[in-house]
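In what follows, a structure is listed as structure tokens, so that the remarks can point back to it.
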Amino acid sequence: MHELGIAEELLRAILPQAERHGAKKVTRVTLRVGVLRAVVADNLSFLFGHVAAGTIAEGATLAIETDPVVIHCPACGLRTEGDAIVLDCPACGAAGIGLTGGDDLRIVDFDIDD
């Protein structure tokens, strides 16, 4: 379950920043996750709540935004979004399409109370 590692890393990233800004409480964390990361949002939210217990992020809401897979076909120029990797261009059938999205895992922002 890689969501536990993500939850732990998320907490390690935000707590020092929140404390540096004098936060008494982290109230919300927004995370952008690409579908290729295969993150189960409910598991991540649950595990984030578990690892945040006893910290200033205890009780914080975890908002997860999903990024679709974005493919680009160099042959015909098609750029489209989806929820899975495709090997051939859906428009022209060419092989060798490029992935330009869907693998993000980043903190968008977080809210604090000071």
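The values are calculated or read from the model by the stated rules, or taken from the named source; none is laboratory data. Since the structure is predicted, the reported quantities are computational estimates derived from the model, not experimental observations. For neighbour counting, all protein chains shown are included, and Cβ atoms are generated from backbone atoms with ideal geometry for every residue, glycine included.
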Residues located in region 56-71, provided they are surrounded by 16 or more Cβ atoms within 10 Å (Cβ to Cβ) and more than 19 Å from R106 (Cα to Cα): I56, I71
Filter result for E65 (under 18 Å from the mean Cα position of the chain (by Cα), part of a strand (DSSP E or B) and modelled with pLDDT under 95): no
Those residues of region 18-40 which are in contact (Cβ under 8 Å) with a residue 24 or more places away in the chain and either among the β-branched types (V, I, T) or assigned to a helix (DSSP H, G or I) (or both), in sequence order: A18, E19, V26, T27, V29, T30, V33, V35, L36, R37, V39, V40
Index of the failed condition, D88 passing every other in (1) at pLDDT 95 or above; (2) out of contact with any helix residue (DSSP H, G or I) (no Cβ under 9 Å at 6 or more places or on another chain): (1)
Enumeration of residues in region 92-114 that are part of a strand (DSSP E or B), surrounded by 10 or more Cβ atoms within 10 Å (Cβ to Cβ) and of a type outside the set (K, R): G98, L99, T100, G101, L105, I107, V108, D109, F110, D111, I112, D113
